[in-house]
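The values are calculated or read from the model by the stated rules, or taken from the named source; none is laboratory data. Everything numeric here is computed off the predicted structure, so don't read it as measured data. Virtual Cβ from ideal backbone geometry, glycine too; neighbours counted across all protein chains shown. Just so you know, the surface numbers come from the protein's heavy atoms only, side chains and all, with ligands and any DNA or RNA stripped out. Shrake-Rupley method; radii C 1.70, N 1.55, O 1.52, S 1.80 Å.
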Amino acid sequence: AIERTFSMIKPDATARNLTGKIVAKLEDAGLRVVASKRIHMSLAQAEAFYAVHKGRPFYEELTKQMSAGPVVVQVLEGENAILKNREVMGATNPANAAEGTIRKEFALSIGENSAHGSDAPETAAEEIAFWFSKTEIVG
Ligand code: CMP
């Protein structure tokens with residue numbers, strides 16, 4: 001089915017000017033960018049967005065890193081978009097990511113792993129609604 005998912009290009013990647021290279025991989029896989037904006041989130045926004053990870057040992061580092069520089073938040077649309085986006089990103093830890101994936105090619109570490117993507121339909125809907133109003137998504 002045609003799905004929408006949420007994607008974020010993280011500060012480590014925007015700092016290295018990799019936005020276009022990452023979007024090209026997503027587009028080459030058949031995903032369409034139907035919403036996109038570059039933002040610099042506050043620590044409070046990072047804490048709210050990643051609230052599901054609150055209490056985990058990496059939460060503080062994660063929220064600091066995500067608010068340390070600009071990110072590009074996007075909505076991607078396409079056939080099986082949620083799974084497809086995760087395939088193109090590769091494993092969370094770049095050491096485990098497959099050849100040709102975003103994280104294999106660009107990620108520096110598990111924390112500075114260049115991209116985030118929703119893991120399920122429910123989280124996709126939540127994460128899209130967190131950053132975008134309906135009028136900002138143009139399919
Ligand atoms: P992301 O998809 O953005 O979701 C949570 C992020 O936490 C994850 O990618 C990683 O960048 C970061 N992280 C840091 N350490 C860990 C860890 N040990 N396990 C999972 N995620 C981690």
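Points to keep in mind about this one:
- Spin-label pair Arg32-Gln45: with each label point 7 Å from Cα along the Cα-Cβ axis, the two points sit 2.7 nm from one another.
- Sorting 18-25, 132-139 by average packing, meaning the other beta carbons within 10 Å per residue, from highest down gives 18-25, 132-139.
- Overall Cα dimensions of region 19-70 - principal axes, largest extent first, Å: 37, 20, 17
- Packing-based order for 109-115, 29-35, using average beta carbon neighbours within 10 Å, highest first: 109-115, 29-35
- Taking every Cα-Cα distance in the chain and sorting them into 5 Å bins from zero, the calculated P(r) comes out as 2, 11, 21, 25, 24, 13, 4, 0 percent.
- Solvent exposure of the chain, expressed per residue, is 52 Å² of accessible area, with all protein chains present and a 1.4 angstrom probe.
- Expressed as a whole percent, the accessible surface of region 27-139 that belongs to carbon and sulfur atoms is 51, based on a 1.4 Å probe.
- Checked against a 20 Å cut-off, the cross-linked pairs Lys21/Lys84; Lys25/Lys64; Lys37/Lys134; Lys25/Lys84; Lys21/Lys64 give Cα-Cα distances beyond that limit for Lys25/Lys64; Lys21/Lys64.
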